[in-house]
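> One structure coming up, written as structure tokens, with questions to follow.
The values are calculated or read from the model by the stated rules, or taken from the named source; none is laboratory data. This one's a predicted model, so the numbers in the text were calculated from it and none came from an experiment. Methodologically, a virtual Cβ is constructed for each residue, glycine included, from the backbone with ideal geometry; neighbour enumeration extends over all protein chains shown. Accessible surface areas use protein heavy atoms only, side chains included; no ligands, DNA or RNA. Shrake-Rupley method; radii C 1.70, N 1.55, O 1.52, S 1.80 Å.
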Amino acid sequence: MSKSVLNKKKSLKGNVTKIKDKVKDKLNGAEIQLYSKKCEQFSEDLSKTFDNILSNYEDEETDKFIEEQLSIQEDIDEIWLSMNSQLIKPNSDTMSKHSNGENVKLPKLSLPSFNGNIQDWLSFSDLFKASVHNNENLTGSMKLQYLKGLLTGDASRVVQSITISDANYLTAWTLLEDRFSNKRDQVFF
């Protein structure tokens, strides 16, 4: 394998770490937009770099690189989560304190859509859980509406026949997790 691929991996890891440290501070809208674009580019570069690495190494060495790839992807996901938490922190202007879903003004979310590409599942899943799934102020039907609104392509077909209701949200989420959460496929797909 060429030294340039390993240098690209090292540079990518360093850049992700720098931005991860920067997003811990309060960001303004322009910074969030800039770092969002950088995260998208990091994810693309990560995939390309590790595809190149994994195609040039023997099986006994791949586990080490898979772990490293997953670690970098988790750092990218943490950056997304940190930025999204700054965007949707509940306050008196965006959300009522009622936990039963009544009189709740939904916050503006800027979550990525998910089209069924298994490589994007981990990022989508982490961001969706942090922003919607774990939000106790939303009812199951609200969560399902958000979920269905973010799904396209194959992912949308998995839950298209599920009607929006409080009881159906966890069913839809479980179907998606069962279909797309195979970690081994996420790395090699």
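> Between ASN117 and GLU74, what is 0.36 nm times their sequence separation minus the Cα-Cα distance? Round to one decimal in nm. All intermediate terms of the calculation are to be shown ahead of the outcome.
Values: separation 43, 0.36 × 43 = 15.48 nm, distance 1.74 nm.
13.7 nm is the gain from fully extending ASN117 to GLU74.
> Then there is this: Would you mind putting 4-13, 131-140 in packing order, based on average other-beta-carbon counts within 10 Å, highest first?
Values: 4-13: 14.1, 131-140: 16.9.
Top to bottom by mean Cβ count within 10 Å: 131-140, 4-13.
> First compute the accessible area of segment 118-180 with a 1.4 Å probe, then give the percent of it belonging to carbon and sulfur atoms. Intermediate results must be reported in sequence, preceding the final value.
Working: 1310 of 2900 Å².
For segment 118-180, the apolar C and S fraction of the accessible surface comes to 45 percent.
> Considering only protein heavy atoms and a 1.4 Å probe, what is the carbon-and-sulfur percentage of the accessible area of segment 1-86?
Summing carbon and sulfur atoms, their accessible area is 46 percent of the total for segment 1-86.
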